[in-house]
Amino acid sequence: MLDEVRETTDGGNSSTVPAPEQEETKPSPFPLLAQAARERGIELPLPFGVGLVYYNLHRAIQVTDVRVGRNGGPVSSVSHFAQFASSSNVNNLNAKVDMWLFPFLNLHAIVGGVWNTSTTNIEVTLPPIRPGGNSRSYMFAVPTSLNGSVGGLGMSVAAGYKSLFVVGDFNAARADLGFDNKFKAIITSLRAGWNGKLSSRPLRVWLNASHWDTFATVTGTVADPEGGTLSFEVDQGPLHPYTYGAGFSYGLSRRVEISVDSGTDFHGGWYLALVPVFRF
């Protein structure tokens, strides 16, 4: 590195004093094609981010079939005399890392924990005790609580015109809640909104629509109160897989931004997401 010097004047006498040495900082190679974007007047965020993602989700769960077997034997459906309906409350906290590979393509990964509480309402209809009698119906609620881990990968593709933008998000995740198999989820969403500034800091506001493909077959084995084991298979998923909402993202500084997103399925289900991120 070449040493820089500066001149000072004291009573008409000139002297040279070495300036403090400055470290060269090499710009990040990411996002690729960044210079072409800047030449078009596009202001880019810093390429890398680390943060948290907090999700709170309430929704109705549809149980399409329940199959039960004893002591390792084949399972058979019990749905012909029992009807199931369930509601779920999910809290999810993840650590998130992301990077802008291109000005229009963001890649990210998450890992964290999930806490799920649900209430399953079961209506059982039994045949009459005596021929010609009335069927017997019973209704009862079963509360459950499940905790586990979750991890996933995702990508966002963005496009814009002047102050308007559109972003498509694709996320694939897998959760381990202690059953024989792991839950898999694919969540896709589309956001459209306005990109501007508030108090000289970046502000983005949007509307969105999301599809939650979280239908899964839950399998496991529990102890039979009468001895032995009971194997079960439950086909279940969201009763209303589409949600619609709105959100915003604001840059508190060059390196810190926060996003808030909320939506509903218009059938009593809703979600809230908070995402603080540090960029570098």
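With the cut-off at 1.5 for a/c, could you classify the range 118-178 from its C-alpha gyration tensor as rounded, prolate or oblate? Verdict is prolate for the range 118-178.
Between residue 37 and residue 172, the contour length at 0.36 nm per residue exceeds the alpha carbon distance by 45.7 nm. Computed from the Cβ-Cβ distance with R0 of 35 Å, the FRET efficiency linking residue 162 to residue 111 stands at 0.40. Here is the size of the range 189-248 from its Cα atoms: Rg then Dmax, 22.0, 69 Å.
Rounded if a/c is under 1.5, else prolate if a/b beats b/c, else oblate: with a ≥ b ≥ c from the C-alpha gyration tensor eigenvalues square-rooted, which is the range 48-108?
On the way: a/c = 3.53, a/b = 2.64, b/c = 1.34.
Prolate is the answer for the range 48-108, as a/c is 1.5 or above and a/b outweighs b/c.
The fewest-to-most ranking of 123, 39 by surrounding Cβ atoms within 10 Å reads 39, 123.
Explain nothing, just the number: relative contact order of the range 31-279, from Cα pairs under 8 Å at least 6 residues apart, as a whole percent.
20 percent.
The residue among 89, 221, 103 whose Cα reaches farthest toward the positive pole of the charge dipole of the range 31-279, with charges on the beta-carbon of Lys, Arg, Asp and Glu, is 103.
With a cut-off of 20 Å on the backbone N, the residues of the range 164-200 near the modelled label site 7 Å out from residue 262 along Cα-Cβ are 190-194. With Rh defined as the Kirkwood radius, the inverse of the mean 1/r over Cα pairs, the Rg/Rh of the range 31-279 is 1.11. Placing R0 at 25 angstrom, the Cβ-Cβ distance between residue 197 and residue 280 gives a FRET efficiency of 0.70 after rounding to 0.05. Assuming charge only on the beta carbon of Lys and Arg (+1) and of Asp and Glu (-1), the dipole of the chain about its Cα centre is about 780 debye to the nearest 20. With a Förster radius of 51 Å applied to the beta-carbon distance between residue 56 and residue 80, the computed FRET efficiency rounds to 0.90. In this Cβ point-charge picture (+1 for Lys and Arg, -1 for Asp and Glu), the range 122-280 has a dipole of about 1060 debye about its Cα centre. Spin-label pair residue 48-residue 142: with each label point 7 Å from Cα along the Cα-Cβ axis, the two points sit 4.8 nm from one another. For a paramagnetic label modelled on residue 124 (point 7 Å from Cα along Cα→Cβ), amide N atoms under 15 Å away belong, within the range 62-102, to 66-69, 78-85.
No lab work stands behind these numbers, since they all come straight from the coordinates. On a predicted model such as this, the values are computed, not experimentally measured, just so you know. Cβ sites come from the backbone with ideal geometry, for glycine too, and all protein chains shown count toward neighbours.
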